[in-house]
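The values are calculated or read from the model by the stated rules, or taken from the named source; none is laboratory data. In this text the structure is predicted, and so the values were computed from the model without any measurement. Here the Cβ positions follow ideal geometry from the backbone for every residue, glycine too, while neighbour counts run over all protein chains shown.
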Amino acid sequence: MSNQTGQQTLFADIPDTNMSAEKAPKIKEPKIKESKAKGPKLKEPKGKEPDEPTEPDEPKEPSEPKQKGSKAKLAVVNAESMAKKQREISVSEFFTKNRHLLGFDSPRKALLTAVKEAIDNSLDACEEARILPDLKVKISRIGQSEKQFTVTVEDNGPGIVKAQVPNVFGRLLYGSKFHRLRQSRGQQGIGISAAGMYGLLTTGNPVRVRTKPGKKSVPLYFEITIDTAKNRPDFTDKVIEWEKDHGTEVSIDLEGEYRRGQKSVEEFIKLMAVANPHVYLHYTDPDNQVTEYQRATKELPQEVEEIKPHPHGVELGILLKMIGECDNRTTSAFLQEDFSRVGPTVAKEICEKAGIKPETNPRRLESADVAKIKAAIDQTKIMSPPMSCIAPIGEDLIIAGLKKEVEADFYVATSRKPVVYRGHPFAIEVGIAYGKPGDTLHMTETGKIVEVAKKKTESDEVLMGAADEPVRLIRFANRVPLVFQQSACAISKAVINCNWKNYGLQQPRGALPIGPMVIFVHIASVWVPFTSESKEAIASYDEILEELRLALMEAGRKLGIHVRKGRKLAGEFKKRNYIETYIPHLVIALKDILKLDEKEAQKARDNLTNVLEKSRKL
Ligand SMILES: Nc1ncnc2c1ncn2[C@@H]1O[C@H](COP(=O)(O)OP(=O)(O)O)[C@@H](O)[C@H]1O
Ligand SMILES: [Mg+2]
C-alpha cells in the first residue's frame, strides 16, 4: 500500500467491505479502479482460485541453491509464488485463530464470556422492547465431564423473527446495533455468534435456539452451526411447543472450566445485578444450586434514542465513506442531514473554512477536499450531541443496586452529567460502599456509642475485602461488568491516580487504596472505546480520564466526611471505655464519703455515665 495515495489507504482501512464500486466517492476514478485491482483481496477474487497451480512461466525451483549460507533447499520466493498463497480470509476464520480477541482464550474465561454475551443480548432486547427482564441462566455439565458445559440463557424478550435467527447465531459481524448510535451492551455484532463458533469448535455441537416473537406466533427451534470459511450459517428448524408468550432461549455446548470466587460466573452475575437493579435473574449452577436475584426497582432504564454521528467524532476514512454513500445534491445538505447538530449556519461555516462552495455536489469532491472539510469540522464550534442517546443508572439506583448485593455501613453515589469525547456522549457514575457492619460504630441520639450489628453473609466476601486489603474496584460499561484486564483500564488508572489519602484512606504509591470498600464505576456511552473486541477495558481518552477524576473526587469527598467521623467515633469510643472503667471506683468513693445508700449510689453511677455521654457528644 505504501506507493498508493492516502485516499486509497483510507478506503482499504475501512472495515466495512460492503462499499460498492458505484457507491464509492467519484474521486479520482481511475485510481479507485486501480485500488480495486491491487487492494487487499477482501472481496471474492475473480477468475481462477488464487491457489490453483497455473502460470506456465512460473519460476522453477533453483536446482542448486547457490546463495551463501543457505544449506537447505529453499524455494526462491518471488511475487508470483507469493501470489499463489494469497487468499481471502473470512472474518470467522480470523476470529477462530484469534479467539483471545473475543474473550475465549482460556476455558474458564470462555465459559464466562458465553454467559455474558447471552445475558447482554437478552437485556438489550428486553430493554429495547420495553419489557422488564426476567432471565433464567443455567450452567450444566455435559455428562460427568469437568471440561464440557452447556450454557443456557432464557429471556422474556421480544424474540427473533424466523429469517434472522440463523444469521444472528451463525454469522459474525451481524447485528442490529453496530450502525446505530445509542447506548447498548452489544455493539459489534460478534457476541453470541462468536460464543456459538467457539462451542462448535470445542464440542462439535450446534447452537440450539428456541424463540417466539409474540403471543400469536409459532415457537420455533433451531440448530445452527457456523461455516467459518464463508462466515455463513448452516441450520435446521422446526415448530415446537413452548409455554411462553414471547422470548428467546439459547443453549451453547462448550469447553470450559467452572470455578467459583473472583472472575467467576457467580461474581459476574452478582455484579450484573448491582448495575441492573431492574432485572430478575434465576441462576442454576452446575451443582444444581439455585440463586435468585430480585429486582430493586420495577422501572426500566430510561429509553434511549438513536442519534446521528456528531461531526467531531468522525474520522477521515468514515467521512469519505459517508460521502461515497450519500445521495445529497449539495455538500451543505449532506452535512446537515448526515450529522447531528449541523444546521445551515454551521454547514456554511464548515464549507467556508474548507474553501468549498456549499452547493458543490459531494460526489464531485476530491479526497483533498474531504480532508479540508475534516480539518474545517475540527476548527468549528458545534453544539454537543443530544444526550438522549444514553441512559445513566442514576445515584438512587446505584445505591439501591449496591445495597442489594453488598452489605456495608455507608453508601454514596455520584452521577455526572453527560459530556462528549470525539463526538460521542458519555456519562461517568461512581458509587461507594464502605465499611463492614460489625466493624463500625454508631452514635445514638442520646450520645451513646454502639457497635453496628454484624450481618455478614457468605457472598459479601466476594465483593468487599478486609480493612487491610486493597479496595475492590468494580467496573461497568453500559451496565455490563468488566471482569478482566483491570490494570489496562482507564477506570483503574483514574482510581489509582485519585488521592484517597484526602478522604481518610491509606494508599500505597501507584496502587489502589486500602480499606473495607467497594468502588463502583460506570461509563454509559453510545460508543464505549474498548481497548479490544473482547470489551474488557476502557481506552484512556483524556476526556474520559478527566470525567472519571471529577466523579471519583465528588464521591470521595462525601466518603471522606464519613471516614473521618468514623475515626473520631472510634477514638472517642476508646477514651470512653477508659473513663468508664473508673466510674465504678468513683461511685464507691462517693458512696463512702457521702454515705449514700445503694439506690443513691446507682443514681450517681447513672448520672456520671450520662454526663460522660452528653458532655462528650460529637
Ligand atoms: N435474546 C435475543 N433477543 C432478541 N434479539 C437478539 C437476542 N440475541 C441476539 N439478538 C439479535 O442478534 C444480534 C446479534 O447479536 P450479537 O452477535 O451478540 O451482536 P451485538 O449484540 O453486538 O449486536 C443483536 O444485535 C440482536 O439484534
Ligand atoms: Mg451481543
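Residue-wise test of (1) under 22 Å from Glu315 (Cβ atoms); (2) without any contact (Cβ under 8 Å) to a residue 40 or more places away in the chain; (3) acidic (Asp, Glu); (4) in contact with a helix residue (DSSP H, G or I) (Cβ under 7 Å, 6 or more places away or on another chain).
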residue: Val370; (1), (2), (3), (4): yes, no, no, yes
residue: Ile373; (1), (2), (3), (4): yes, no, no, yes
residue: Ile382; (1), (2), (3), (4): yes, no, no, yes
residue: Ile390; (1), (2), (3), (4): yes, no, no, no
residue: Asp396; (1), (2), (3), (4): no, yes, yes, no
residue: Ile399; (1), (2), (3), (4): no, yes, no, no
residue: Thr414; (1), (2), (3), (4): no, no, no, yes
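With respect to the stated conditions, Gly214 is away from ligand 2 (no atom under 16 Å from the Cβ) and in contact with a His (Cβ under 6 Å, 6 or more places away or on another chain).
Determine whether Lys348 is part of a helix (DSSP H, G or I), assigned by TED's automatic domain parsing to the domain that holds Arg422, in contact with a helix residue (DSSP H, G or I) (Cβ under 8 Å, 6 or more places away or on another chain) and more than 25 Å from Phe426 (Cβ to Cβ). For Lys348, the condition - part of a helix (DSSP H, G or I), assigned by TED's automatic domain parsing to the domain that holds Arg422, in contact with a helix residue (DSSP H, G or I) (Cβ under 8 Å, 6 or more places away or on another chain) and more than 25 Å from Phe426 (Cβ to Cβ) - is not met. Among residues of the range 174-198 being closer than 18 Å to Thr96 by Cβ and away from ligand 2 (no atom under 13 Å from the Cβ), the one that is surrounded by the most Cβ atoms within 10 Å (Cβ to Cβ) is Met197.
Residues are listed down the side, and each one gets a yes or a no for (1) farther than 19 Å from Glu117 by Cα; (2) among the basic types (Lys, Arg); (3) modelled with pLDDT under 95:
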{"position": "Ala453", "(1), (2), (3)": "yes, no, yes"}
{"position": "Asp460", "(1), (2), (3)": "yes, no, yes"}
{"position": "Phe484", "(1), (2), (3)": "no, no, yes"}
{"position": "Lys493", "(1), (2), (3)": "yes, yes, no"}
{"position": "Pro513", "(1), (2), (3)": "yes, no, no"}
{"position": "Ser532", "(1), (2), (3)": "no, no, yes"}
{"position": "Lys535", "(1), (2), (3)": "no, yes, yes"}
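Within the range 388-428, the set of residues being of a type in the set (A, V, I, L, M, F, W, C), more than 17 Å from the chain's Cα centre (by Cα) and at pLDDT 95 or above comprises Leu397, Ile399, Ala400, Leu402, Val412, Ala413.
Filtering the range 147-174 to residues that are of a type in the set (Lys, Arg) and either farther than 21 Å from Gly256 by Cβ or under 23 Å from the mean Cα position of the chain (by Cα) (or both) leaves Lys162, Arg171.
Once the range 358-399 is narrowed to residues that are of a type in the set (D, E, K, R) and in a loop (DSSP other than H, G, I, E, B), the residue that is surrounded by the most Cβ atoms within 10 Å (Cβ to Cβ) is Glu366. Just to verify a result, which residue in the range 489-515, among those that are touching a residue at least 60 places away in the same chain (Cβ under 8 Å) and assigned to a loop (DSSP other than H, G, I, E, B), is surrounded by the most Cβ atoms within 10 Å (Cβ to Cβ)? The residue in question is Gly515. Annotation: of all residues in the range 105-124 being under 16 Å from the mean Cα position of the chain (by Cα) and of a type in the set (A, V, I, L, M, F, W, C), the one that is surrounded by the most Cβ atoms within 10 Å (Cβ to Cβ) is Ala114.
Going by what's in this entry, would Ile269 be described as within 16 Å of ligand 1 (Cβ to nearest atom) and of a type in the set (A, V, I, L, M)? No.
With respect to Ser264, determine if the residue is within 16 Å of ligand 1 (Cβ to nearest atom), in contact (Cβ under 8 Å) with a residue 60 or more places away in the chain and small (Gly, Ala, Ser). So Ser264 fails the test. Out of Ser92, Ser81, one residue alone is of a type in the set (Ser, Thr, Tyr) and without any contact (Cβ under 8 Å) to a residue 24 or more places away in the chain. It is Ser81. Among all residues of the range 151-173, there is none that is more than 14 Å from ligand 2 (Cβ to nearest atom), within 24 Å of Ile307 (Cα to Cα) and touching a Pro at 6+ places or on another chain (Cβ under 6 Å).
Out of the range 199-257, which residues are among the aliphatic types (A, V, I, L, M), buried (at least 22 other Cβ atoms within 10 Å of the Cβ) and modelled with pLDDT of 95 or more? Selection gives Val207, Val209, Ile224, Val250, Ile252, Leu254. Residues that are farther than 23 Å from His278 by Cα, among the basic types (Lys, Arg) and near ligand 1 (Cβ under 9 Å from one of its atoms) within the range 152-210 comprise just one, Arg171.
This table checks each residue for (1) touching a Leu at 6+ places or on another chain (Cβ under 9 Å); (2) crowded, with 17+ Cβ neighbours inside 10 Å.
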{"residue": "Glu305", "(1), (2)": "no, no"}
{"residue": "Leu320", "(1), (2)": "yes, yes"}
{"residue": "Thr330", "(1), (2)": "no, no"}
{"residue": "Ala333", "(1), (2)": "no, yes"}
{"residue": "Glu337", "(1), (2)": "no, no"}
{"residue": "Val342", "(1), (2)": "yes, yes"}
{"residue": "Lys348", "(1), (2)": "no, no"}
{"residue": "Glu352", "(1), (2)": "no, no"}
{"residue": "Ile356", "(1), (2)": "yes, yes"}
